[in-house]
Amino acid sequence: MRLPLVHLITDRAACPDLAARAALALSRVPPGAVAIHLREKDLPGGALLALARALAAVCRGRGQRLLVNDRLDVAVAAGADGVHLPATGVPAAEARRLLGPGALVGVSCHSSDDVRRARDGGASFATFGPVFDTPSKRGFGPPVGLAALRGASELGLPLVALGGVEPGNAAEAVAAGARGVAAIRAWLAAPDPAAAVAALLAAASRAPAP
């Protein structure tokens, strides 16, 4: 399965009606360009599955992908297109065995060593970051920066740049080797989510090849 260029991560604290927001956000992008990552760690299984099914219906209707964060059981039950795993979570190869050979299996990475382990473990891609400054990650230290992204991208596993990504810097991340960009605030806090996602996709698409 081809890796989408734009990855939209959920946070229902920023937007309670995620299905409605997703439908708007995906309304101006071509099929296959976007993946929504369902990341709601505090939701119990039943509520998470209901939300996953609602988002899966939206994504199918728009020709986009849905990935579920960490919960393989919910991903399978909802018919999601893949899963995104923590660096110390279920091995990527085991997730792929459960989801099927065509599933997208991502791993969260913050260093080249993380990326190397994800690659050797059979991941389809990894998120990498935080690349830029972002309020939610300041307590964990400074961003890793574009140089670290560039070095990690040389390991061969497709990387999705995460952390402070917006239309104004998405092209920099892609030019540094990212194969995609991920955002939370850029689509959930925008007054016009469709315009915000279209702008993010356009910026990433215009970036020169690394």
Kindly write out, for the range 107-112 in residue order, the coupling ³J(HN,Hα) from the Karplus curve 6.51 cos²θ - 1.76 cosθ + 1.60 (θ = phi - 60°), rounded to whole Hz, with x marking Gly and Pro. 9, 7, 10, 10, 7, 5
How would L200, L98 line up from fewest to most surrounding beta-carbon atoms within 10 angstrom? L98, L200
Sequence-distant or interchain residues sharing an amide H contact under 5 Å with V181, placed H: which? V6, H7, A161
Cleavage-rule hits (trypsin sites (Lys or Arg not before Pro)) in the range 128-210: DSSP loop, at most 12 neighbouring Cβ within 10 angstrom: R206
For the range 171-187, Karplus couplings with θ = phi - 60° (6.51, -1.76, 1.60), whole Hz, Gly/Pro x: 5, 4, 5, 5, 5, 7, x, 5, 9, x, 10, 10, 8, 10, 4, 4, 10
Amide proton proximity set for V68, modelled H, under 5 Å, gap of 5+: L38, G82, V83, H84
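Just so you know, all these numbers are worked out from the coordinates, no wet-lab data involved. Worth saying up front: this structure is predicted, and the values here are computed from it rather than measured. Here Cβ is always computed from backbone atoms with ideal geometry, including for glycine, and neighbour counts include all displayed protein chains.
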